[in-house]
Amino acid sequence: MSLELIKEAVRVNQAIGEDTTQTIAENDIIVPDIKPDIARILLLDGDAYINGAEAALDKILIDGNIRYKILYISDDPDQPLKSINTSAAFQYTMDLPETRQGMNCKAGCEIEHIEYEILNSRKVNVKTILNINGKVENRIDQNIALAFDGIDGIQVLRSTASINSFIGSGEITSTVKETMEVPAGKPTIREVLRSDIKITGKDYKLADGRIIANGELNISTLYIGDDENRSLQYMEHELPFTQIIEQSGVDEASFCELEYVITDSAFEPEEDSDGELRFLKGEIELKISADSFGRKDIEIIEDAYSLNSRIALEKEPIKMEETVAENKSQVILKDTIFVQQDSPDISEIFNVLYRPSISDCRISDDRMDIAGVLGSNILYLANNSEQPVYCCEQDVPFKHGVDIKGIKAEMGCDIAMNMEHCSYSMISAKEVEIRVVLGISARIIKQVEIPVISKAAELPPDDKRLASQPSITIYFAQHGDSLWKVAKKYYTTIDDLKKTNVLGDSEVLVPGEQILIPRKQK
């Protein structure tokens, strides 16, 4: 029977490349026929998300969408404040060498800046600066040699490697539907102007074959009240959600990378039992994507030899990801945002939009330091008939350091941020205090290259060398020697060397140590 390798397939994740860049998306927004002309824009903002990313030769093909929200003063004297919600698609090609079709791609984006020009009362030109990040990974089944078959007297040297074994990807898109009541003391709804949604408290639990994703949708709505003055009103609601992603192979020992994206939303007033518009009917389309991994300890065959013949081994290096450490911590931010002197005073705040981002992450020995920016947009009602709604923007920089034992400067880091808590309070007509708690989840990884035996062949024994070996050899250990090296060189076993020389459990030899090696009898 010829020598055979017994192998096991392990799915591994190989990092191919990652990049972050900027692009400009330019669009013309046309006022819908049912809306009056634009006289002046009060606020134009929005958000962006990625629909999909596809790997091609040395590049990633990215499709995304930008949702625009416009508040404007119209030429309608009865109800001058109007809104437009619209969206526009964009495409971007990111160059990433060594990317090939079929590889796994991830992409994300955020809006850096929006500027606009009113071309005429029915058309607005918008230029949006987007920050886009892309990452490519190759998920392959790697065969690992576990044992030999078809030969007797074979000696095997093994070592244990802990790797991240890819389990699978899952995705669920669902619509969260809820009918929310207008708070007591607020007038009924005449027209909904805008609704902003934040996802907070993102978390997940794992069960056998299932990922249970949790979170909360914080909804802030600006509307025109159906009262005598047609006043501007706002209200807030919180909607908890739980979504289950089926993923075969996942258990409590696994870990996941989750991404939450709001792909669409719609809000409209609804009548109560008295026929008054005191309900807000909301439908929010939420997509949750998950990549699941398991930590797997595998025994790698480093070397082998036979007492009765020679073995020729061929090796090939394979690259794998190994998780060195995981850490969860919090960044607590408290700052005061000042409205510029030439901006209208704050009457009431109806929402604060936050955009946390990490600008730098540095790994040093036993420590991780990150720097980032919390972009804050304060949307408020002003005591100003010409500017009834205003937006104040300010960036709050932050730094955060964590001691993590065992990490090294050359390692990489996957970081996820979660808005755990956010609140604000108005100090004066020109000052707003914000309080934000950011959850930071960091996974420190290193790319390891492991030589794996790919082929093995049995060759005839070296009879001349065996015949020339004396009955007893006295060997003096050299620097870097081990019992394995000595046993392999002299066609014996580690157990026989330990027995003959009355050695302990250690297989490391001290330079100059004397080892007696009897010739192995066939």
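Any read-out appearing in this document is the output of simple, stated calculations on the displayed coordinates, not a laboratory observation. Predicted, not measured: the structure shown is a model, and the values here were computed from it. With ideal geometry, Cβ positions are generated from the backbone for all residues, glycine too; neighbour counts draw on all protein chains shown.
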Work out from phi, with θ = phi - 60° and the Karplus expression 6.51 cos²θ - 1.76 cosθ + 1.60, the ³J(HN,Hα) of each residue of segment 312-317, listed in order in whole Hz, and give x for Gly and Pro.
9, 10, 10, 10, 9, x
Once the dipole of the chain is set up with Lys and Arg at +1 and Asp and Glu at -1 on Cβ about the Cα centre, which of Ile515, Ala213, Gln14 lies farthest towards its positive end?
Ile515
What ranking of Ile163, Ile29, Ile129 emerges when the number of other C-beta atoms within 10 Å of each C-beta is taken as an exposure proxy, fewest first?
Ile129, Ile29, Ile163
Can you find, among Ile415, Leu277, Leu379, the residue farthest towards the positive end of the dipole of the chain? Put +1 on the C-beta of Lys and Arg, -1 on that of Asp and Glu.
Ile415
With contacts defined as alpha carbon pairs under 8 Å and 6 or more residues apart, what's the relative contact order of segment 14-140 in percent?
37
In terms of the charge dipole of segment 151-308, which places +1 on Lys and Arg and -1 on Asp and Glu at the beta carbon, the residue among Thr188, Gln155, Asn229 farthest towards the positive end is Gln155
For segment 129-144, 3J(HN,Hα) per residue [Karplus equation, 6.51 cos²θ - 1.76 cosθ + 1.60, θ = phi - 60°, Hz, x = Gly/Pro]:
8, 10, 8, 10, 10, x, 9, 10, 10, 10, 9, 10, 8, 9, 7, 10
Order of 435-441, 117-123 by packing, highest average Cβ count within 10 Å first?
435-441, 117-123
Measuring from centroid to centroid over Cα atoms, what is the spacing of segment 169-216 and segment 50-90 in Å?
21
Packing-based order for 182-191, 505-514, 40-49, using average beta carbon neighbours within 10 Å, highest first:
40-49, 182-191, 505-514
Across 5 Å bins from the origin, how do the percents of Cα pairs in segment 458-522 run, short distances first?
4, 16, 31, 24, 14, 9, 3
Peptides 30-36, 464-470, 331-337, 373-379: what's the order by average Cβ count within 10 Å, highest mean first?
373-379, 331-337, 30-36, 464-470
Could you list, bin by bin from short to long, the percent of Cα-Cα pairs of segment 127-265 in 5 Å steps?
2, 6, 12, 12, 11, 11, 10, 8, 7, 5, 4, 3, 2, 2, 2, 1, 1, 0, 0, 0
Which of the lysines could be linked to Lys186 by a straight reach, that is with a Cα gap under 17 Å, when you skip same-chain ones fewer than 8 residues away?
Lys281
Quick check: from the Cα gyration tensor, does the chain come out rounded (a/c under 1.5), prolate or oblate?
prolate
Measuring from its Cα centre, the chain shows a charge dipole (+1 at each Lys and Arg Cβ, -1 at each Asp and Glu Cβ) which, in debye to the nearest 20, is 2640
Expressed as a whole percent, how much of the Cα-Cα distance distribution for segment 14-140 exceeds 23 Å?
43
For segment 351-382 and segment 126-151, compute the distance between their C-alpha centroids and round to whole Å.
29
For the chain, calculate the relative contact order in percent as a whole number, restricting contacts to Cα pairs under 8 Å that are 6 or more residues apart.
14
Please list, in order along segment 41-53, the HN-Hα scalar couplings obtained from phi with the Karplus expression 6.51 cos²θ - 1.76 cosθ + 1.60 (θ = phi - 60°), rounded to whole Hz, x for Gly and Pro.
8, 8, 7, 10, 9, x, 8, 9, 8, 9, 7, x, 9
In straight Cα distance, which aspartates and glutamates are under 13 Å from Lys319, not counting same-chain residues fewer than 8 positions off?
Glu137, Asp141, Glu449
